[in-house]
Amino acid sequence: QPGQKDLRGWEWRYLWQQTRSDALFTLCQESGEINSLSASSDGNWLAVGLAHRGGLAVWDLRNRREVIRLAEGDVLTRGIFSPTTPLLAFVGSSLPATGKTERDTLRLWNAVTRQLTAEIPLDHTCVGLAFSKDGQTLVTSTYKGHITLWRMPEATKLASYASGQTDVGPATSFAATPDLSLAAQVIGAQPQERIRVVDLRDGRELWSADAAKQFVTALAFSPDGKTLASAAGFGESDIRLWDVATGKEIG
């Protein structure tokens with residue numbers, strides 16, 4: 001109280017600081033699940049894909065405001081920015097009155113001109129998107145459909161392979177190496193899902209493994225493509241590390 005000695009020492013101030021959030025700001029709050037996040041290479045834009053009829057919101061990070069909402073009304077939207085150009089690739093499923101989702105459409109949007117540059121129907125719900133590190137190739141993976149490589153920005157098809165992808169929920173169930181030589185995907189049925197690694201040069205499966213007691217919720221390759229990380233947030237808290245060359249769990 002005023003007039004009393006302050007007994008709080010450095011320990012109190014240290015613990016007080018440790019309990020403060022280090023977040024710089026809150027950008028947005030959505031009423032449903034966020035299905036994907038992707039920042040542009042220049043740090044100016046953020047694409048926020050929503051799971052439930054929210055479409056895909058594009059935010060200007062410089063002044064922290066939403067500039068456009070694409071595919072509004074679509075469900076399970078996903079977006080990813082090219083690492084070299086202001087090109088945003090995104091997908092979403094329309095949900096007609098029947099309640100059954102239709103096949104997805106791959107769309108390309110230029111963040112500078114704010115124009116759609118391409119719309120390409122896919123064979124089913126898209127569960128994975130990835131650009132190559134040079135931005136010249138895009139890969140898509142669809143539910144029980146195909147893994148397809150596209151030349152960018154023309155969006156011409158380079159190759160397509162049958163896919164065993166089964167997961168459609170709000171999870172990162174597809175990942176690719178930066179050079180798009182390999183991809184990992186979730187396969188199998190509940191209650192136990194597996195991961196599968198595929199050579200994107202010929203569509204050949206390299207290996208598969210049990211990766212969770214229940215659901216696989218995230219996949220990510222290391223930048224050198226030699227290690228794959230898998231997570232299973234619903235049934236367990238561990239992150240498993242895999243040697244990509246052998247398919248052996250290494251941590």
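Laid out as a table, the results:
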| read-out | value |
| --- | --- |
| Length added when fully stretched, Thr156-Glu119, from 0.36 nm per residue minus Cα-Cα | 12.2 nm |
| The chain: most fluctuating residue of Thr177, Thr125, Thr156 per GNM, C-alpha cutoff 10 Å | Thr156 |
| Pairs of Lys in the chain closer than 29 Å at Cα, counting only those 8 or more apart or on different chains | 14 |
| For peptides 225-232, 84-91, sequence by mean Cβ density within 10 Å, most packed first | 84-91, 225-232 |
| Accessible area per residue, Å², the chain with all protein chains present, probe 1.4 Å | 54 Å² |
| Difference of contour (0.36 nm per residue) and Cα-Cα distance, Trp12 to Phe25 | 2.2 nm |
| Theoretical ellipticity at 222 nm over the chain - DSSP helices of four or more residues, -39500 (n - 2.57) apiece, nearest 500 | -1000 deg cm²/dmol |
| Förster radius 30 Å - calculated FRET efficiency between Ala39 and Ser181 (Cβ-Cβ, nearest 0.05) | 0.80 |
| Electrostatic dipole magnitude of the stretch 104-238 [Cβ: Lys, Arg +1; Asp, Glu -1; Cα centre; debye, to 20] | 200 debye |
| Extension reserve of the Ala218-Arg62 stretch, reckoned as 0.36 nm per residue once the Cα distance is removed | 53.3 nm |
| Inverse mean reciprocal Cα-Cα distance (Kirkwood Rh) of the stretch 1-85, Å | 15.7 Å |
| Percent carbon-and-sulfur accessible area, the stretch 144-251, ignoring ligands, DNA and RNA, probe 1.4 Å | 52 percent |
| Relative contact order [Cα under 8 Å, 6+ residues apart], the chain, whole percent | 8 percent |
| Peptides 20-31, 135-146, 63-74 ordered by average Cβ neighbours within 10 Å, highest first | 135-146, 63-74, 20-31 |
| Stokes-Einstein translational diffusion, the chain - Kirkwood Rh over all Cα pairs, 0.692 mPa s, 37 °C, in µm²/s | 167 µm²/s |
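The values are calculated or read from the model by the stated rules, or taken from the named source; none is laboratory data. This one's a predicted model, so the numbers in the text were calculated from it and none came from an experiment. Using ideal geometry, Cβ is built from the backbone for each residue, glycine included, and neighbour counts are taken over all protein chains shown. Please note that ligands, DNA and RNA were not included when accessible areas were found on the heavy atoms of the full protein model with its side chains. Shrake-Rupley method; radii C 1.70, N 1.55, O 1.52, S 1.80 Å.
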